[in-house]
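First comes the structure, then the notes that go with it.
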Amino acid sequence: MNSLVEKVRKFMKSEGISYLLVNSTNRYLEEYTPLDENSRYFLTGFSGSTGDALVTENDIYLFVDGRYHIQADLEVDHDIVKVVKLQNGQTFLDELAGKIPDGEVLGIFSKKNSQKRVEYLKLKGIKLKYLDNDFISKESVTDNENVIKVDGVSVEDKIKNLNYDGAVLITNLEEVSYLFNLRDFSNNYESKIKGKAVIISDRARLLDEIDDFVESYDGYIYVDKSSINAYDFALVGGKAKYLDDSPIKLMKSVKTDDEIEHYKDAFRRTDLAVRAIREYIENNDNISEYDVAEQLEKEFKRFGAKSLSFKSIVAKDKNSALAHYSKCSKDEIIKDGSLVLIDCGAYYEQGLATDITRVFVKGKPSELQKRVYTTVLKMFLHAYNSNLNVGYDIDALARQIYSQNLIDGFVFNHGLGHGIGISVHEYPPNLSKNEIAKVEIKDNMCFTIEPGLYNENHFGVRLENSCYMKNGKIHSFVHMNYERKLIDFSLLTEQEKLWLKEFEVI
């Protein structure tokens, strides 16, 4: 048996627990946690950005959503890890609770689980034991030596209309970075600073940790249970009052007109980088996924990017069926007829993430490649031109279009889109079958529309445009053209052909 697994089970025995939750996140509850801070990765070998594991006396269960079904199967040792593949409509916490018998105790690392998650587990009747320190991976270190100031609405103006009878504690890194107009481009795939913040009346203060503040402050402290970890929540204790939603999160989700203009320029440069990599693939032979990823980063830097906003996905043929494939292998050589999916983005001066996915083919495409590509394109065009402003409804429309154009063996197993901003995945808004998507997308909210179809025995196609809402209508930041040789125009209606003209030239 794996020595780490033995160590974990020995630890569980010493703590008197038969079940242990091992997380993918760090103490800041970041989605994209570096792998050296990702305990679930060390335990299971699965490198996806999300998905937690449950350790029992005899089994390890890894819970993954539709984006990672294939990747998890490829990366884990199935003699040690059982992959639980969550389907649309299934939730991780409900499936987790179903694995734990009545009366048993679940150990959780209190710094790596939100208070909201903890309370949900308690509602499911699960007894919890808090464990303060996660020994499986190293603790993230606060280091803000490379922080820079960016343009934006002043802190004073952002908080001047907040009226609370106490302090407001902000623990989400994107919200802290937004509040103070601070960015750090020194770490891969992020622009966030590390830290927490407290707002009292018309003043805001940046904190490394909250211990000293909580001890010295006598009034109420407002917290967002979805972003504060259980350890910090326990520190606040009886002083806590609860926010229905973080006022900074809602403020941050609606971009200013200046931020929209910055995004337009950032995506103009992103389009140019993607167009350049298309030419690189078309005009070079014997190149690998790795070569393309390396060249793509050079192209982003050539057009002024500070850093990538996430690790680029360059996936050929069967690898493109893994929605979040991350290998970019030197051994995967692009040949004539190879389909290549590229999902990428970058940060520019204001530290807002761009995000785009395009699919290319080397040489002549097959009829199946054309049919799948064109079907995904139809899904995008209808969602984009829907004049709907609720993410749940836009997602449903894209699925309806696919239900009318089914292709045997190909599945659409993830949400249609997500919010973008300081992080490449933000909420609000959200476009999916989840309850959180049943809210209005407001003017100047920014989000992706990214339908995809995948078959692990063939390939996957995903087409993603980052967009924004203006005057109740969806507009695209992305103007990169679609791949004409992959479009079967006989499958498009006259209306769809008219819609497509918006993306014929960049």
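The values are calculated or read from the model by the stated rules, or taken from the named source; none is laboratory data. None of the values given here were measured: they were computed from a predicted structure. A quick note on method: Cβ atoms are made from the backbone with ideal geometry, for glycine too, and the neighbour counts reach across all protein chains shown.
Is it the case, given these coordinates, that Thr44 is at pLDDT below 95 and hydroxyl-bearing (Ser, Thr, Tyr)?
No, not satisfied.
This table checks each residue for (1) in a loop (DSSP other than H, G, I, E, B); (2) over 18 Å from the mean Cα position of the chain (by Cα); (3) of a type in the set (Gly, Ala, Ser).
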position: Ala323; (1), (2), (3): yes, no, yes
position: Asp331; (1), (2), (3): yes, yes, no
position: Ile342; (1), (2), (3): no, no, no
position: Phe360; (1), (2), (3): no, yes, no
position: Gly363; (1), (2), (3): yes, yes, yes
position: Lys370; (1), (2), (3): no, yes, no
position: Thr374; (1), (2), (3): no, yes, no
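Starting from residues that are within 24 Å of the chain's Cα centre (by Cα) and among the aromatic types (Phe, Trp, Tyr), keep the ones in the stretch 287-314 and report whichever is farthest from Asn188 (Cα to Cα).
Tyr290
With the checklist (1) over 28 Å from Ile260 (Cβ atoms); (2) surrounded by 15 or more Cβ atoms within 10 Å (Cβ to Cβ) in hand, flag the one item Arg484 doesn't pass.
Answer for Arg484: the failing condition is (2).
Sort out which residues of the stretch 374-390 are in contact with an Asp or Glu (Cβ under 7 Å, 6 or more places away or on another chain) and under 18 Å from Lys501 (Cβ atoms), and write them in order of number.
From the stretch 374-390, those in contact with an Asp or Glu (Cβ under 7 Å, 6 or more places away or on another chain) are 374, 378, 381, 389-390; that's our starting set.
Result: Thr374, Lys378, Leu381.
For the condition small (Gly, Ala, Ser) and either farther than 21 Å from Ser466 by Cβ or part of a strand (DSSP E or B) (or both), what is the one hit in Gly421, Gly409?
Testing whether each residue is small (Gly, Ala, Ser) and either farther than 21 Å from Ser466 by Cβ or part of a strand (DSSP E or B) (or both) leaves just Gly409.
Suppose we keep only residues that are crowded, with 19+ Cβ neighbours inside 10 Å and either of a type in the set (A, V, I, L, M) or in a loop (DSSP other than H, G, I, E, B) (or both) within the stretch 256-286. Which one would you say is farthest from the chain's Cα centre (by Cα)?
Ile281
Taking the stretch 404-452 as the region of interest, how many residues are without any contact (Cβ under 8 Å) to a residue 60 or more places away in the chain and small (Gly, Ala, Ser)?
So the count comes out to 5.
Restricting attention to the stretch 403-454, and to residues there that are at pLDDT 95 or above and of a type in the set (Phe, Trp, Tyr), which single residue is surrounded by the most Cβ atoms within 10 Å (Cβ to Cβ)?
This residue is Phe447.
Which residue pairs have Cβ atoms closer than 7 Å, lie 6 or more positions apart in sequence or on different chains, and pair a first residue in the stretch 477-503 that is closer than 26 Å to Asn444 by Cβ with a second residue that is surrounded by 12 or more Cβ atoms within 10 Å (Cβ to Cβ) and charged (D, E, K, R)?
The qualifying pairs are Phe477/Lys264; Val478/Asp271; His479/Asp271; Met480/Asp271; Met480/Arg275; Met480/Arg358.
Check Ser490, Ser466, Ser476 and return the single one that is among the small types (Gly, Ala, Ser), surrounded by fewer than 16 Cβ atoms within 10 Å (Cβ to Cβ) and modelled with pLDDT of 95 or more. I'd like the intermediate steps shown before the answer.
Details: Ser466 fails: surrounded by fewer than 16 Cβ atoms within 10 Å (Cβ to Cβ); Ser476 fails: surrounded by fewer than 16 Cβ atoms within 10 Å (Cβ to Cβ).
It is Ser490.
One residue is enough: does the stretch 172-193 have a residue meeting the conditions touching a helix residue (DSSP H, G or I) at 6+ places or on another chain (Cβ under 7 Å), of a type in the set (A, V, I, L, M) and closer than 24 Å to Asn133 by Cα?
yes
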